[in-house]
Amino acid sequence: MIDGLTVINLKAEAKIRPSNGEVFVLKTCQRTLVLGFGQLPFYHLENQNDIRDMYKSDDAYIFLLETICGLKSEVLAEYEVVGQFKEAYQSYMQLPFKHKHIITMIEKLFQDGKKIRTDHLLEIGQLTYAGIAKKLIHSCLNDSDVLIVGSGSLSEDLIKLLKKKHRLFITARNSEKVATLAMIHDLEIISWQDYSIYKNFTHIVNTVGTEDVLFGEKFFSEWSQSSLLNGRDSKLFIDLGSPSVIKTSLSEAQGVLRLEDIFRQSAKMNIEKMEKISQAKVSIVRLCENRRQTFSQSHPFGWEELQLA
């Protein structure tokens, strides 16, 4: 079956002639893909100049698998493309003459894509400040409560990433925004600048940027002594504010991270990310070889017999 597979990668704005099921079409903001067997995908193009690339056989399956894993996206390993594939597949299943072999091909892509993500691509999506903070907090030995300082968009990103595994608290100067976020995400509110409460949190993430010092030496001294420290993993203060609102001699070694430390973490994670992506691409080629053998055993005839009459 893979021998007859054809995939055409088109410009996002490319126009496609309607399909009754003889081809599968995926349209996203980055591309338009047409998947089918033999020459059928070409019959649905209105303008040959819209073609970016064309793939056949093993190359076509590998391209599709890399695409569904986010390896062909602007943001490597992003997850949105999986949802786009699923929506396109649901639409395809409503067509009157859907092709059973296209259905099989897409379903195998979903299976193989899930395996690649599970084996190689977990937690290496876009490296935002919030994403890096989440990774640092999850690397700690404890699952302590987290205090988020600030009520802007970065704070909300943090809340969405952390609320599944942590009990979250929020504090900020804007009481109305704090109340709204607390209601939407089921957070507990700490009064603004109540340092007697702040110092008891093992994990604090600040998102406020201002010229004022909000966390000085006195606070960090009390924060460090508020419980017994068990090494670097026991406490974290992550300052994502710009300008920085902290003033302390404590450094990353004592669990206090500034933006420059986050940038360094980002560079390190990017190296790890590219290594994992390289491993994923090797696995994709192996999965394609396995699919070829499986399809050959299930469909021993040529691809010509798989096309619609």
Does F219 satisfy the condition of being hydrophobic (A, V, I, L, M, F, W, C), over 20 Å from D261 (Cα atoms) and assigned to a loop (DSSP other than H, G, I, E, B)? no
Restricting to the range 18-60, and then to whatever is among the β-branched types (V, I, T) and surrounded by fewer than 19 Cβ atoms within 10 Å (Cβ to Cβ), can you tell me which residue is modelled with the lowest pLDDT? T28
Checking T104 against (1) more than 20 Å from V285 (Cβ to Cβ); (2) within 23 Å of the chain's Cα centre (by Cα); (3) polar (S, T, N, Q), which single condition isn't satisfied? (2)
Can you confirm whether K115 is part of a loop (DSSP other than H, G, I, E, B) and surrounded by 14 or more Cβ atoms within 10 Å (Cβ to Cβ)? no
Tally up the residues in the range 162-194 that are part of a helix (DSSP H, G or I) and of a type outside the set (D, E, K, R), please. 10
Among I137, I148, which is the only one that is closer than 20 Å to S234 by Cα, in contact with a Ser or Thr (Cβ under 6 Å, 6 or more places away or on another chain) and not assigned by TED's automatic domain parsing to the domain that holds K86? I148
Quick check on my filter: what residues within the range 198-211 are at pLDDT 95 or above and more than 16 Å from E252 (Cβ to Cβ)? Y198
Would you say A14 is farther than 16 Å from I102 by Cβ and surrounded by 14 or more Cβ atoms within 10 Å (Cβ to Cβ)? yes
The condition of being surrounded by fewer than 16 Cβ atoms within 10 Å (Cβ to Cβ) and either over 12 Å from the mean Cα position of the chain (by Cα) or assigned to a helix (DSSP H, G or I) (or both) holds, among F97, F63, only for F97
Within the range 72-94, track down each residue that is assigned to a loop (DSSP other than H, G, I, E, B) and crowded, with 21+ Cβ neighbours inside 10 Å. A77
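The values are calculated or read from the model by the stated rules, or taken from the named source; none is laboratory data. These figures come from a predicted structure and were not determined experimentally. Every residue, glycine among them, receives a Cβ derived from its backbone with ideal geometry; neighbour counts consider all protein chains shown.
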